[in-house]
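Down below is the structure, laid out as structure tokens.
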Amino acid sequence: MIKDKRILVTGGAGSIGSELVRQLARDNKVFILDFDEAAFSLSEELKQEGFWVEARIGDIRDKETVRDLFEDFKPQYVFHAAAYKNVSPMETYPLEAIDTNILGTHNLIFEAKRWECLEKFVFISTDKVVNAHSIMGITKLCAEGLVRRAGEKFVAVRFGNVLGSKGSVLEIWKRQHARGKPLTITDERMARYMMTIPEACALVITAAEYGRGGEVFILNMGKPKNIMDLKNELYPEYPHLFIGIRPGETLEENLMTDEEKKVAIQEGNFFIIR
């Protein structure tokens, strides 16, 4: 439903970002901002297919980079997927998480609010913001709060674990299996809400279409999936190795706090918190 718009995708070289770029490029002009040079390769690939896609190799933490991009491109839609998303590394390097997840998000909000052309700003959050105690979860919670309080046009979506994304357990297991190594599992009791990349992108685009400002959109992912059940479905009888819970990790995660559950509205396959 989003057509003939100028769209900025931060983190557009990542698993979710690149799929958003591919889907949105069909009917729009798309600009990618990412410090990964894969953004340039993606833009060249899509140009050869006849789509209008440009890439800027840069960092959302750099105010001048963000300012220049907004001044040059004047995006009508912003999909903010750039972030540090893995728990363990951010426990070791918390300042990196603060600079990217909080200050980088602030830079984008500041510039987006300067331009009347902006129609919607969608921030990709995580279920790790609920009762957050990891550095990654806390910084994403701060960023989600900044977005929700930015006013009209600014909305957030919360993801569970995205199957097939960079750093997901499926990708880790795939590499271990290819090398003939046992599959590493943190704890047999661990359970996670899981969604596919297409489901994640559908959630993002739904939020862009229907969000008015200040909402959080959450996909109804049913019950959490136990890690051992997932392993036995995909790699039955294959050996595994328990490695223990790492710093910042929890056995279970939630989509909403108890207070949010009281006010959440279900519309179709989504929960909306206003």
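Coordinate-derived values only; no laboratory data. This structure is a prediction, so every number in the text was calculated from the model and none was measured. Neighbour counts are summed over all protein chains in view; Cβ atoms, including those assigned to glycine, are modelled from backbone coordinates with ideal geometry.
Observations on the model:
- Local electrostatic count, residue 118, Cβ distance below 12 Å [Lys/Arg +1, Asp/Glu -1]: +3
- Between helix 169-178 and the chain: long-axis angle, C-alpha atoms, 0 to 90°, nearest 10: 60 degrees
- q = 0.15 Å⁻¹: log10 I(q)/I(0) that the Debye formula gives for the stretch 6-273, counting C-alpha atoms only: -1.13
- Relative to the longest principal axis of the Cα atoms of the chain, the long axis of helix 135-148 lies at roughly 30 degrees.
- In sequence order, the stretch 46-52 has phi-based couplings of 6, 4, 5, 8, x, 9, 8 Hz under the Karplus curve 6.51 cos²θ - 1.76 cosθ + 1.60, θ = phi - 60°, and Gly or Pro positions carry x.
- Centre-to-centre, using Cα atoms only, the stretch 10-25 and the stretch 227-243 are separated by 30 Å.
- Degrees between helix 15-24 axis and first principal axis of the chain (Cα, 0 to 90, nearest 10): 40 degrees
- Across the stretch 264-271, computed HN-Hα scalar couplings (Karplus, 6.51 cos²θ - 1.76 cosθ + 1.60, θ = phi - 60°) run 5, 10, 9, 10, x, 9, 10, 9 Hz from first to last residue, x flagging Gly and Pro.
- Other-chain or far-sequence residues with amide H under 5 Å of residue 270's (modelled H): 220
- Long-range amide H partners of residue 225 with built H, under 5 Å: 192, 193, 194
- Under 5 Å, built H, 5+ apart or other chain: amide partners of residue 12: 33
- Ranked 65, 92, criterion: other C-beta atoms within 10 Å, fewest first: 92, 65
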